[in-house]
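Engineer: Okay, here's the structure, questions in a sec.
Computed from the coordinates by the stated procedures, all read-outs in this text should not be read as laboratory data. If you're wondering where the values come from, they're calculated on a predicted model, not measured in any experiment. Quick reminder, even Gly has a Cβ in these numbers, built from the backbone with ideal geometry, and neighbours come from all protein chains shown.
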Amino acid sequence: MATQLKDFATSAVAVVEPETPAVVVAQLMRKHHIGALVVVDALEKTRPVGIVTDRDLVLELMAEGLDPAVFTAGDIMS
């Protein structure tokens, strides 16, 4: 039997709202052992509005020496 994508993927998706502090985004990534979170509309929680990755945290905040407690997922999402 051929291997299918569903054999590797998970159906559970971790999400945050745009106003979630970037430091909380990083903590959630660590807690769930993931490298990205889907950013969803604050009112319509099933509507994705962006994605924030561990790379976004590093390049947009840490490499620039910025405080992740000041910025939100909405500030750094793609």
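Engineer: From the mean inverse distance of alpha carbon pairs (Kirkwood) and the Cα radius of gyration, derive Rg over Rh for the chain. Please list the in-between numbers first.
Structural biologist: Numbers: Rg = 13.9 Å, Rh = 13.2 Å.
Using only Cα positions, Rg/Rh for the chain is 1.05.
Engineer: What FRET efficiency do you get for Leu66 and Leu43 if R0 is 25 Å and r is their Cβ-Cβ distance, rounded to the nearest 0.05?
Structural biologist: With a Förster radius of 25 Å, E is 0.35.
Engineer: Another one. Using a Förster distance of 25 Å, how high is the FRET efficiency between His32 and Ser78, based on the Cβ-Cβ distance and rounded to 0.05? Show your work: numbers first, answer last.
Structural biologist: Values: r = 19 Å, r/R0 = 0.77.
After rounding to 0.05, the efficiency reads 0.85.
Engineer: May I ask for the angle, rounded to the nearest 10°, between helix 22-32 and the longest principal axis of the chain, with both axes built from Cα atoms and the value confined to 0 to 90°?
Structural biologist: The two axes meet at around 30 degrees.
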